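The values are calculated or read from the model by the stated rules, or taken from the named source; none is laboratory data. Since the model is a prediction, treat every value here as computed from it, not as a measurement. Reconstructed Cβ throughout: ideal geometry from the backbone, glycine too, with neighbour counts over all protein chains shown.
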């Protein structure tokens, strides 16, 4: 490096070091990691800024547990390693938040329910361990919908999570605390869990990005260290979340131990989009429809070919596939016996604080699909093959649609009733079935889904869901990277 370059580099580092906390919290994970590696900022200074942001916005209720001293000591350890000249991992010094359904050593894993408040796992989930190995720092355990059985994250035990864009509205769920923490600039990275949309729904409501990784024919992410939910093991998955697709791709590369994807050329990409009747559906909010259609038009202008596609064909293919199995309670009971032997399923249900979740567990057990795992796998294999044929017949490589089809609803001040509903375009509809209507066919097919911001409608985020065929996660992220350059990130919430 010549003297001029050295001087310019030193000036640039000094400028970054002088950044106020308000600018540090806006850093992407990628930029924060780079600045820490270069010595432009310290990991401790960055963590301190994020902790201050958290304290300023405690009313969001994004976290159920945060060990501030551990966060700062982990950051100092990264700074010491850098000063010694040691090689730093790709996420060294970058804090991340973890949905409280995922094990982190030293923290209780409550899954948002009272009966598990004293369950301390013996180690980290595999996904968490990989992030720690990359140098990332656990910031906190994220609040969530109780036992991941809902889409509001209005948790009576740990507080109702609030949407940073409107504190009177829900952030979505069940990974609502993770999404809200990202949107509020409290952390740049997070882990959620997605069964029927629990990563992608809150990402859409909070204006951030979330990936549901493929679960067929094999899982991209390990389940080890994850409290089971309602769905079969081959449907549930941990998923990465961030404020940008770029940071989601970085997080995914670390967890999946794969190469980072590169942006694709949008010209020539054929994207399946909802046919005309979809946009007139009475369950689709008008502002959401207009915002997503404008985003799709921007992609068309950038070279994407938009191909009208009837989403009902996919829904019909997915409908016969098992989503909530008849043995769901037995699976949870078996997990309790293995991991929390002092707590029975009856204890779990008796202590539940959410009326909507308790109503599910107190209702008569479902009956129906009694097929073996092998038989269910054979059925899914046939459905996935038919799903691929739909793509080939339409000549498309991915699907796109609004997610969710409504803006974030208001928080129910007294908590969620047994059957929460919302008014859309003058009629009432169950919240869960509405917001998850188009997010359940990806898990049934084992396919990847990526939600990113499409824009704002009346000041609230609107999400755009992109879905590809099973196993096409890397391509989907590459496509998402290209779309992100066209659509641009949302402005930060005016907290």
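Observations, loosely collected:
- Residue match in region 448-460 (condition: at pLDDT 95 or above, buried (at least 21 other Cβ atoms within 10 Å of the Cβ) and part of a loop (DSSP other than H, G, I, E, B)): yes
- Subset of region 351-365 (residues that are over 18 Å from residue 195 (Cα atoms) and surrounded by 13 or more Cβ atoms within 10 Å (Cβ to Cβ)): 351, 352, 353, 354, 355, 358, 359
- The lone exception for residue 479 - which of (1) out of contact with any strand residue (DSSP E or B) (no Cβ under 9 Å at 6 or more places or on another chain); (2) under 26 Å from residue 219 (Cα atoms); (3) in a helix (DSSP H, G or I); (4) modelled with pLDDT of 95 or more it fails: (1)
- Per-region count, region 118-144, residues surrounded by fewer than 18 Cβ atoms within 10 Å (Cβ to Cβ), in contact (Cβ under 8 Å) with a residue 24 or more places away in the chain and more than 22 Å from residue 250 (Cβ to Cβ): 1
- Being surrounded by 24 or more Cβ atoms within 10 Å (Cβ to Cβ) and more than 11 Å from the chain's Cα centre (by Cα) is a property that holds for residue 184.
- Residues that are crowded, with 21+ Cβ neighbours inside 10 Å and either free of Cβ contacts under 8 Å to residues at least 24 places away in the same chain or not in a loop (DSSP other than H, G, I, E, B) (or both), drawn from region 216-233: 226
- The listed residue being within 25 Å of residue 248 (Cβ to Cβ), modelled with pLDDT of 95 or more and surrounded by fewer than 23 Cβ atoms within 10 Å (Cβ to Cβ), out of 82, 58, 30: 30
- Meets criteria (surrounded by 24 or more Cβ atoms within 10 Å (Cβ to Cβ), part of a strand (DSSP E or B) and touching a residue at least 24 places away in the same chain (Cβ under 8 Å)) for residue 98: yes
- Condition check for residue 59 on (1) over 23 Å from residue 204 (Cβ atoms); (2) assigned to a helix (DSSP H, G or I): one failure, at (1).
- Taking the criterion of being in contact with a helix residue (DSSP H, G or I) (Cβ under 9 Å, 6 or more places away or on another chain) and assigned to a loop (DSSP other than H, G, I, E, B), the residues of region 415-434 that qualify are 415, 416, 417, 418, 419, 420, 425.
- Residue within region 252-265 that is surrounded by fewer than 14 Cβ atoms within 10 Å (Cβ to Cβ) and more than 23 Å from the chain's Cα centre (by Cα) present: yes
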